[in-house]
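Just below is one structure, and these are the notes that go with it.
Just so it is clear, none of the values below were taken in a lab; they were calculated from the coordinates. As the structure is a prediction and not an experimental result, all values here were calculated from the model. Using ideal geometry, Cβ is built from the backbone for each residue, glycine included, and neighbour counts are taken over all protein chains shown.
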Ligand code: SAM
């Protein structure tokens with residue numbers, strides 16, 4: 001389950017187009033706990049906290065700490081309960097103190113997003129008004145965030161710290177090798193994400209997608225790679241550097257969709273559940289979350305029926321349509337800043 005804590009972001013990446021304000025009815029901390037508790041009782045094992053930018057949420061550390069009792073008991077791994085709590089962040093606000101506080105609170109993993117290794121590219125990809133100098137400042141903060149996270153105990157070698165990069169053709173494809181080099185030097189797995197048609201306002205066009213196979217080809221020509229495949233229910237196909245310098249992963253949602261075994265549920269900051277990143281509508285859980293305690297059990301039933309009735313396979317349909325030339329119009333999608341990636 002991916003739970004968005006806010007739709008606001010401190011960056012303005014044009015491929016994501018976050019909001020500068022939150023929806024009016026944000027979930028409260030108690031409602032978030034109630035929701036994750038119901039989901040974990042139904043069998044959801046992994047939780048990712050996201051946004052918008054989740055570090056803008058002041059109660060993030062408190063939430064992570066409050067979620068700890070929902071973990072499955074180590075002695076009974078088959079029982080319902082959370083196995084993992086992860087965070088996706090742009091890293092700008094990940095200070096020494098917050099990295100340490102998140103670790104102490106019980107966060108397991110952090111994925112940091114960064115789309116370039118020079119000020120001009122970072123400024124362009126992050127939608128910064130201040131040009132290369134502003135990009136350089138953000139870049140320094142994100143690189144420091146990687147240091148802070150590693151120092152706090154998020155061990156990249158154990159997969160507890162990863163780097164995400166969205167690659168768009170003609171926009172930052174020249175960053176493939178520099179990003180790979182940066183990740184290799186730090187022993188961090190780099191996850192390259194194809195530019196996706198999430199939302200309605202990022203100007204997505206099929207020709208802006210650099211297919212994952214091409215990303216792997218370019219990096220593999222420089223540092224040979226050995227394929228490791230994609231784990232069941234995983235989003236990323238993984239590769240190992242033949243020289244032993246760690247791993248590379250690609251998320252090929254556009255060129256090689258994996259709808260068939262996708263098991264993600266996404267809940268927006270205002271409590272609307274979506275069974276697909278590309279869905280046009282979701283199920284508002286607030287009426288159940290805000291019902292009287294006596295009616296609270298319906299939340300489990302609501303989640304259960306939403307989950308059992310899901311049939312989304314938009315990415316596969318898009319791919320089929322593109323190859324047969326039948327899809328000419330796109331249906332509206334929910335925005336990425338609400339769904340949280
Ligand atoms: N603000 C946090 C961050 O930057 O990681 C969390 C939210 S962000 C929406 C989560 C991830 O989605 C980021 O790695 C971001 O790059 C990715 N993302 C956003 N829009 C995308 C798009 N159109 N295609 C592919 N990935 C996208």
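Using the Kirkwood radius over Cα pairs, work out the Stokes-Einstein diffusion coefficient for the chain at 25 °C and 0.890 mPa s, in µm²/s as a whole number.
The calculation lands on 119 µm²/s.
Would you please give the FRET efficiency between residue 323 and residue 280, computed as 1/(1 + (r/R0)^6) with r the Cβ-Cβ distance and R0 = 22 Å, to the nearest 0.05?
Computed FRET efficiency for residue 323 and residue 280 comes out at 0.45.
Restricting the count to DSSP beta bridges whose residues both fall in segment 2-339, what percent are antiparallel, rounded to a multiple of 5?
About 35 percent, rounded to the nearest 5.
For each of 20, 40, 4, 113, count neighbouring Cβ atoms within 10 Å of the residue's Cβ, then give the residues from fewest to most.
20, 40, 113, 4
Roughly speaking, what is the stretch gain from residue 245 to residue 226, that is 0.36 nm per residue apart minus the C-alpha to C-alpha distance, in nm to one decimal? Don't skip to the answer; put the middle values down first.
Values: separation 19, 0.36 × 19 = 6.84 nm, distance 1.18 nm.
That works out to 5.7 nm of additional length.
Relative contact order, percent, of the chain when contacts are C-alpha pairs under 8 Å separated by at least 6 residues?
The value is 19 percent.
Evaluated at 10 °C with a viscosity of 1.306 mPa s, what Stokes-Einstein diffusion coefficient in µm²/s does segment 204-300 have when Rh comes from the Kirkwood expression over alpha-carbon pairs?
On the way: Rh = 16.6 Å.
Roughly 96 µm²/s, to the nearest whole number.
Please check: in the Gaussian network model of the chain (C-alpha springs, under 10 Å), which one of 302, 52, 119 has the largest mean-square fluctuation.
302
Over the chain, with a Gaussian network built from C-alpha contacts below 10 Å, which listed residue (276, 16, 259) shows the highest mean-square fluctuation?
259
Can you tell me which of 298, 90, 164 moves the most in a GNM of the chain? Springs connect C-alpha atoms under 10 Å apart.
Between 298, 90, 164, it is 298 that shows the largest mean-square fluctuation.
Using 0.36 nm per residue of separation minus the Cα-Cα distance, give me the extension gain between residue 147 and residue 174 in nm, one decimal. The partial results should precede the final answer.
Values: separation 27, 0.36 × 27 = 9.72 nm, distance 2.46 nm.
Additional length available on full extension: 7.3 nm.
Send over the Kirkwood Rh of segment 20-131, from the inverse of the averaged 1/r over different Cα pairs, rounded to one decimal Å. If you can, show how the numbers build up before the last one.
Working: mean 1/r = 0.0636 Å⁻¹.
Hydrodynamic radius (Kirkwood, Cα only) of segment 20-131 equals 15.7 Å.
Work out how much length residue 133 to residue 118 would gain on full extension: take 0.36 nm times their residue separation and subtract the Cα-Cα distance, in nm to one decimal.
Extending this stretch completely gives an extra 4.4 nm.
What's the exposure ranking of 324, 305, 72, going from fewest to most Cβ atoms within 10 Å?
Fewest-to-most ranking of 324, 305, 72: 324, 305, 72.
Starting from the 7 Å offset along Cα-to-Cβ, what nm value, one decimal, do you get for the label separation of residue 25 and residue 207?
4.4
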